[in-house]
Structure formats: C-alpha cells, structure tokens
Amino acid sequence: MAVYDKEDNKTGMYNTDVYSFERNMFDCCICQPASFWKKRVADIVGKFDEDLHYAMDYDYWLRMDRAGGRILHIPDILAASRRYEGTKTLSQREEIFKEIFKICKTHGNYVSRSYFDGLWCPGVPFHSGDYYGYTAPTVIDVDGDGDMDILLGDQSLNINFIENVG
C-alpha cells in the first residue's frame, strides 16, 4: 500500500506482508485502509475496542486471529494512506506506542523489540538496523502495573529496561 504526504507526494510503501500472528506481533503488517472482512467475522470477533484511541485496528487483527480468522495478504495496492506531521500516527507517537505495548502484552504476553525501536526512532522502519544517532530515555509503563518504568537505549543499540519497583 502506498503512503502519501500532505501534498500528495508518494513517500513510500506501507510494510504489508504475509500474515502470521508472530509477524504481526513484530510490527503490524496489515494496513487498515486496505482491510476488508465479512460481516460474519465481525459477528464473531465483535466491535472495535472503544477504549482504544490509536491502535484499535491492530487489536482487532490480533483478536481476529485468536478467534480463528483466516487473514490473507493480497500484494496488490488496494488503498493508500497519508502520513505527515499532523497525522495521529506521527503527532502522538508516545500514546500510540503505549497502546501498542498494552495490546501486545494482552494478546502475546510480550512486546517486540521492533516496537521499542519504533518509539525511539521515528521515521526509521521498525525492523531496520540503520539507526542515525542514539536513542533517548523513555518513561512509560512497560509492564502495565501502573508505575512508570524507564527504557534506555545505549550506544550499542541495546535496550535497558529499568523497572519501577517503588
């Protein structure tokens, strides 16, 4: 699926891929504008979670998978997406990743390193090893216990999790 900026310039492609639960836990390989499903799937999976504001589609794909849904990848371009500074995707990254972390822990009981990389390195594909600079400390409730923890990258691109136990 093609990605466009505010001025209708094509800036890249959304990283869609053949679906598997593990692949989707690595980084979301389904792009919502190009997603279609039958009513009977919605009858089984239910509605989107209205408590989620950023990654409700990601949660839905994982719920669909866990309900036995068959998710197929069509390599043709069926839709396009916009991504520029004013969009929710780029302007509210920390909140988006908080939801993604919660969803990952709910459905898979872990958060992929690629999502931490995505939080720290906006603009760099989640699965890329091409970093331009060092990561910054991020204060976030990683383990979902209500306490703010610290994630800290270092010069070797290691991620250090400092759990708040106080």
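Computed from the coordinates by the stated procedures, all read-outs in this text should not be read as laboratory data. On a predicted model such as this, the values are computed, not experimentally measured, just so you know.
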Can you give me the long-range amide H partners of GLY12? Hydrogens built in the peptide plane at 1.01 Å from N, cutoff under 5 Å, separation of 5 or more residues or another chain.
VAL3
Under Karplus coefficients 6.51, -1.76 and 1.60, residue-wise ³J(HN,Hα) of the range 23-37 in Hz, glycine/proline x:
5, 6, 6, 5, 6, 4, 9, 10, 9, 3, x, 9, 9, 9, 8
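By how many nm would the segment from ASP141 to ASP5 grow when fully extended, if each residue of separation counts as 0.36 nm and the alpha-carbon distance is taken off? Mind showing how you got there, number by number?
Working: separation 136, 0.36 × 136 = 48.96 nm, distance 3.17 nm.
Gain on extension, ASP141 to ASP5, equals 45.8 nm.
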Interchain or long-range residues, amide H under 5 Å from ARG82's placed H
TYR4
Going by a ≥ b ≥ c, the root eigenvalues of the Cα gyration tensor, does the range 2-123 fall in the rounded group (a/c under 1.5), the prolate group (a/b larger than b/c) or the oblate group?
oblate
